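We did not get these values from a lab; they are worked out from the coordinates using the rules stated. Predicted model only: the values in this text are computed from it and were never measured. Don't worry about glycine lacking a Cβ; one is built from the backbone with ideal geometry, like all the others, and counts go over all protein chains shown.
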Ligand SMILES: [Zn+2]
C-alpha cells in the first residue's frame, strides 16, 4: 500500500513537472509567434481529443467487433503507442532556449493532453479493477479455448469474471474450465468457443 502511494506521488510530481515544462515551452513559442502557436495548440488539442474519443469508442465496442477488426485496431493501437513514445521523446528532452517550431508545439500540446487525460482516468480504471463485479443470473458463461503460443482453456462470464487459465496440454483442462464456469453460475454455454478464430 505504501508502495502504491509512493509511486502515485512520484507519478504526480513527474506529471506536474511535465505540465510546467510544456506550458513554459508553449508560452515561449507564443512570445515568438502568437498566431502560429495558437493554431498549433488548437491542432494538437483537437488531435488529442480525437484520440481520446477513438479510444472510448473502441472500449465501448470491443465486445461486438469481429476478430479481424479487433486485430487491425489492436495493431493500430500498438503503432499509435510507438509513435506517441517517439513524439514524446522528440519534443521533451530539449533546452529551454531552443526555438520551438509550430509542429513541436502541436506535438507537445497533443502529448500533454493525452497524458493529462490518462492521469485523470487512472483512478477510475483502478477503481473498476478493484471493485468486485456483480454476476447477474442472465449472464452467460463461456469456456474459451485460446490458441495462443501455448493453448489454454479458460471460463469467461459476461459480468467480467474470468476463471483460471488451464494449460491445454493437461488432458482435463477443458473439464476444469467447465467446472470453474459451473462454480461461477448456471448459464453455461455447452460448446467451447474459439475467440481467436
Ligand atoms: Zn458472472
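So how tilted is helix 173-184 from the main axis of the chain? Cα-based, degrees 0 to 90, rounded to 10.
So the helix axis and the longest Cα principal axis differ by about 80 degrees.
Which angle between 0 and 90 degrees, to the nearest 10, do you get for helix 102-130 versus the longest principal axis of the chain when only C-alpha atoms count?
30 degrees
Can you tell me how much longer the chain between residue 57 and residue 186 gets when fully stretched, taken as 0.36 nm per residue apart minus their C-alpha distance, in nm with one decimal?
Here the answer is 43.3 nm.
Could you work out the helix-only [θ] at 222 nm for the chain, with each DSSP H run of four or more residues adding -39,500 (n - 2.57) and the total divided by the number of residues, to the nearest 500 deg cm²/dmol?
Working: 5 runs with 125 residues, N = 197.
-22500 deg cm²/dmol, from helical runs alone.
So for the pair residue 6, residue 146, with labels modelled 7 Å out along Cα→Cβ, what separation do we get in nm?
3.2 nm
On a 0 to 90 degree scale, rounded to 10, what angle separates helix 2-32 from the longest Cα axis of the chain?
40 degrees
How much FRET efficiency would the formula 1/(1 + (r/R0)^6) give for residue 83 and residue 194, where r is the Cβ-Cβ distance and R0 is 35 Å, rounded to 0.05? List each step's numbers first, then the result.
On the way: r = 32 Å, r/R0 = 0.92.
Working from the Cβ atoms, E equals 0.60.
With only alpha-carbon atoms in the gyration tensor, what are the semi-axes of the equivalent ellipsoid for the chain, in Å, largest first?
Numbers: eigenvalues 407, 70, 46 Å².
Equivalent ellipsoid of the chain: 45, 19, 15 Å, largest first.
Determine the gain in length on full extension of the stretch residue 23-residue 174; use 0.36 nm per residue of separation and subtract their C-alpha separation, reporting nm with one decimal. Don't skip to the end; give the middle numbers.
Numbers: separation 151, 0.36 × 151 = 54.36 nm, distance 5.56 nm.
Gain on extension, residue 23 to residue 174, equals 48.8 nm.
At a 10 Å Cβ-Cβ cut-off, how would you order 86, 43, 141, 2, fewest neighbours first? Before the final figure, lay out each step's value.
Values: 86 11, 43 17, 141 23, 2 6.
So the ranking, lowest neighbour count to highest, is 2, 86, 43, 141.
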